Structure formats: C-alpha cells, structure tokens
Amino acid sequence: MSSKTIIITGGAGFIGSHVVRRFVNNYPDYQIINLDKLTYAGNLENLRDIEHKPNYTFVKGDIVDAAFINGLFAAEKPDAIIHLAAESHVDRSITNPTEFVMTNVVGTVNLLNAAREAWKDDYSKYRFYHVSTDEVYGALGETGMFTEATKYDPHSPYSASKASSDHFVRAYHDTYKMDCVISNCSNNYGANHFPEKLIPLSINNIKNNKPIPIYGKGENVRDWLWVEDHARAIDVIFHNAKAGDTYNIGGHNEWKNIDLIRLLCKIMDKKLGREEGTSEKLITYVTDRAGHDLRYAIDSAKLQKELGWTPSLQFEEGLEKTVDWYLQNEEWLENVTSGEYMKYYENQYATR
Ligand code: NAD
Ligand code: TYD
C-alpha cells in the first residue's frame, strides 16, 4: 500500500473513532489526520490506545469554518478525505434543525470546495469519501428494503440534512468530475456509542435502575450493524469503489425496538446478576418522536457481491459484547454523562 495522507473528519465520535483506529493500525504507511470539533459527541478518550502512534495526528477544528478548512487542505495536501463529522441525533435535529444544516450541509460543502481547489491538478488522483445514512431513503412499510436505487425521501431534519449533503457530493462528482464515493449505512451499535441513542441509553438506564423510555408503542424497526463491521465496510469501499459509486451497508438484522430492548434487558439481568425479568420492569412507554420513521432495512447485496463484504457478528453476540464494554468502561460512561449531556437528557425526557 503506497503512502497517503488521509483526513478523517469526526474521528473522535462513535463511528469515526473505529474508522480512525482501523486505518491507523492497518495502514502504517498512511498519515491519518483526525479533524474534529469535539462537540458534546466527540471524545478523544475513544482513541487513547492509538494516539501515540507516529501515523496519527489530531487537529481540532470546525468544518463550518471555510477559511480554516481551506488552510488545512493547503497545509496538509491530503490525498483523500473520509468524511464522518456530523450532527447525528434525530431528536436533537427536531429541537435545533439549523445546527444540522450548518454542520451537515454547509460543513460538507466547505470540504468539497477545499478539495475542489486543492486537487484541481488531476481529480482522478484523489478521493472524497462521504459517509451517510440509510435514513435519507425515508421510511419503509412492513416489507421491502432500501437499495442504492431507492429514491431519497427524508423525513427528519437530520435525514434531510444528510440527504442534502449526499446530493452536493454527487453534484461535485457530476459537475467537476471529482472522485466522490458515498456509502449509506443502517443503525450502528457497539463500544463508544454516545448514550443518547437507544442502545447505550438503555444500557446506562438499566444499570442505574432508571426508566427505559420507549417511543410510541416500540414497534418501529431498525436494522442494526456492529460498528466495527461498518468501519471494515468503509475500508473496503474506500480502497475499491469506482469514482461516483454508492454502496448501501447493513446487517440484515431487523429488530422492533421493543424486542431489542427485551433482549437487552435479559442480557443485562444476566450480567448484573439480577433475577430474570427485573430490568424489563423499567420499560416505560413515552410520547412518540415527531415524524418517527416506521422501518429501515438495507439491502447490501451490491457491497456483498461486488466487494465481498459481509457482516461478521450475529446480533446477540454483538449486543453482549457491547454490554460487556459498557460495564467494563464505567469511567467513560460517567465522563460523557456528566455536564452538557445531562442538561440535554433533562430537557428531552422531562415532558414526555
Ligand atoms: P457522532 O455524533 O458520534 O460523532 C460525530 C463527530 O463529529 C463528533 O466527534 C463531533 O465532535 C464531530 N463534529 C460534529 N460537528 C462538527 C463540526 N462542525 N466540525 C468538525 N467536527 C464535528 O456520530 P456517529 O454516530 O459516529 O456518525 C458518524 C457519521 O456516520 C455521521 O455522518 C452519521 O450521519 C453517519 N451514520 C451514523 C450512523 C449511526 O448509527 N450512528 C449510521 C449511518 C451513518
Ligand atoms: P436512535 O438510536 O435515536 O437512532 P435513529 O433514530 O437514528 O434510528 O433510535 C433508534 C430507535 O429507537 C428509533 O426508532 C427511536 C427509538 N428510541 C426510543 O424508543 N427511545 C429513546 O429514548 C431513543 C433515543 C430512541
């Protein structure tokens, strides 16, 4: 593998930290620059095990700041960018959509503009990889799956902002012939997941004997993928996709929220030495999320057939591994659930 400088944005977040670790460890000839603003969701503790490595650098910065981004591209002359930085939580997007437009849309366009200028000698030598979500496709009924050909139909301010950023990335490929690649992945779970999302929030609440808030009737379906399988898919796509290509990434692993939480309660009872059925009593149905998408399911046949990627973990095994990680990393959990996050938690659930 020849040497390269790669900027990974959002590398201090949940998925980004797994991508950074994988690239730093697997490609010692690559210089990996982690560009992150360190919002409430960014945490350098996630990368403590690799921060001393000679091929890793952290740069604190905001992708909304165009002058800063242009300067970084001019100084570092990256060969590629893997763009994960985003505001990522649907509930926060309902409360504050503008922040999502700024980071997810304007931030992405700033990166595209910086790349367009820095790489103009020959766009085919450089790659802009944009990491996106299946939520851009909208919601499914009881049947069917999202393919790469499914029309975009986002419903939440979060998914609308991600859809918009995807369109800009495609537009820069079509208009300027930049080498752009996009992947759209289903819900991730695993270590370092910020405890405002369903699985880590529920683990934290069960541990602390707090109510587990289930929106509506708990019948919404999500397709869960282990985060390290997503990081591996990003690696495979980054190295093998054709310019302008799109891949869906998913686990073929659909769960109704309520069934997932019941399984989680069972695992937690076992791990915490509680009598079976104890944690389920914490399940509390609360007011539904506005515009709550009923079902997501990803068809990742293209990725499997063309690039040979398949998910590695069964969900039960992955969920147990995830619970073990949270129980063994209490300090991480305490650090991220103090301060800013607790204020959000109180606002989010006070009136539900
Ligand atoms: P996250 O919220 O855990 O992390 C986001 C990271 O981006 C944080 O480190 C944060 O500090 C950084 N960031 C936010 N705003 C920034 C800014 N203006 N400038 C620089 N850095 C900024 O998110 P995640 O769950 O790891 O998601 C990463 C990417 O993957 C996002 O683009 C998201 O849309 C996409 N995605 C997530 C999922 C999922 O299940 N979590 C599924 C599919 C796709
Ligand atoms: P979440 O983890 O926020 O991911 P996304 O909205 O991107 O799919 O939510 C996963 C599912 O769990 C979604 O259907 C909303 C639901 N949910 C709850 O029922 N209670 C909660 O407290 C949260 C955060 C989510």
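Output the residue which, of all residues in the stretch 312-330 that are of a type outside the set (Asp, Glu) and farther than 22 Å from Asn46 by Cβ, is modelled with the lowest pLDDT. Among residues in the stretch 312-330 that are of a type outside the set (Asp, Glu) and farther than 22 Å from Asn46 by Cβ, the one modelled with the lowest pLDDT is Gln314.
Only one of the numbered conditions (1) surrounded by 15 or more Cβ atoms within 10 Å (Cβ to Cβ); (2) in contact with a His (Cβ under 7 Å, 6 or more places away or on another chain) is violated by Gly291, and that is (1). In the set (1) within 16 Å of ligand 1 (Cβ to nearest atom); (2) among the aliphatic types (A, V, I, L, M); (3) more than 30 Å from Leu327 (Cβ to Cβ); (4) assigned to a helix (DSSP H, G or I), Val181 fails one condition alone, (4). Taking the conditions (1) surrounded by fewer than 18 Cβ atoms within 10 Å (Cβ to Cβ); (2) within 15 Å of ligand 1 (Cβ to nearest atom); (3) assigned to a loop (DSSP other than H, G, I, E, B) in turn, His167 satisfies each one other than (3).
Among residues belonging to the stretch 20-62 that are touching a residue at least 12 places away in the same chain (Cβ under 8 Å) and among the acidic types (Asp, Glu), point out the one that is farthest from ligand 1 (Cβ to nearest atom). Result: Asp29.
Applying the selection to the stretch 331-352, what residues are open to solvent by 30 Å² or more (accessible area, probe 1.4 Å), modelled with pLDDT of 80 or more and in a helix (DSSP H, G or I)? If the condition is that a residue be open to solvent by 30 Å² or more (accessible area, probe 1.4 Å), modelled with pLDDT of 80 or more and in a helix (DSSP H, G or I), then Glu331, Glu334, Asn335, Glu346, Asn347, Tyr349, Ala350 are the ones that fit.
Is it true that some residue in the stretch 227-234 is within 15 Å of ligand 1 (Cβ to nearest atom) and farther than 28 Å from Gln328 by Cα? Write out each step before concluding.
Here is the first cut: in the stretch 227-234, the ones within 15 Å of ligand 1 (Cβ to nearest atom) are 227-234.
Pick out the ones that are also farther than 28 Å from Gln328 by Cα and you get none.
Taking every residue of the stretch 227-234 in turn, none turns out to be within 15 Å of ligand 1 (Cβ to nearest atom) and farther than 28 Å from Gln328 by Cα.
Any residue in the stretch 103-125 that is crowded, with 16+ Cβ neighbours inside 10 Å sitting within a Cβ distance under 7 Å of a residue that is of a type in the set (Asp, Glu)? List the pairs, counting only those 6 or more apart or interchain. Here the result reads Thr103/Glu87; Asn104/Glu87; Tyr123/Asp179, each pair linking the stretch 103-125 to a residue that is of a type in the set (Asp, Glu).
When we screen Ile82, Ile94 for residues that are within 11 Å of ligand 1 (Cβ to nearest atom) and either in contact (Cβ under 8 Å) with a residue 60 or more places away in the chain or under 16 Å from Asp36 (Cβ atoms) (or both), the only hit is Ile82.
Could you tell me which numbered condition Gly10 fails, if it satisfies all but one of (1) over 21 Å from Asp179 (Cβ atoms); (2) within 16 Å of ligand 2 (Cβ to nearest atom)? Among (1) over 21 Å from Asp179 (Cβ atoms); (2) within 16 Å of ligand 2 (Cβ to nearest atom), the lone unmet condition for Gly10 is (1).
Of the listed requirements (1) within 15 Å of ligand 1 (Cβ to nearest atom); (2) buried (at least 18 other Cβ atoms within 10 Å of the Cβ); (3) under 29 Å from Val106 (Cβ atoms), Tyr172 misses just one: (1). Scanning the stretch 199-249 for residues being within 30 Å of Lys125 (Cβ to Cβ) and either within 14 Å of ligand 2 (Cβ to nearest atom) or touching a Ser or Thr at 6+ places or on another chain (Cβ under 6 Å) (or both) gives a total of 6.
Residues in the stretch 75-110 that are under 18 Å from Ser183 (Cα atoms) and touching a strand residue (DSSP E or B) at 6+ places or on another chain (Cβ under 6 Å): Ala80, Ile81, Ile82, His83, Leu84, Ala85.
The values are calculated or read from the model by the stated rules, or taken from the named source; none is laboratory data. Keep in mind the model is a prediction, meaning the values are calculated, not measured. FYI the Cβ positions are ideal-geometry reconstructions off the backbone, even for glycines, and counts take in every protein chain you see. Ligands, DNA and RNA are stripped out before the accessible areas are found, and what is left, the full protein with its side chains, is counted by its heavy atoms. Shrake-Rupley method; radii C 1.70, N 1.55, O 1.52, S 1.80 Å.
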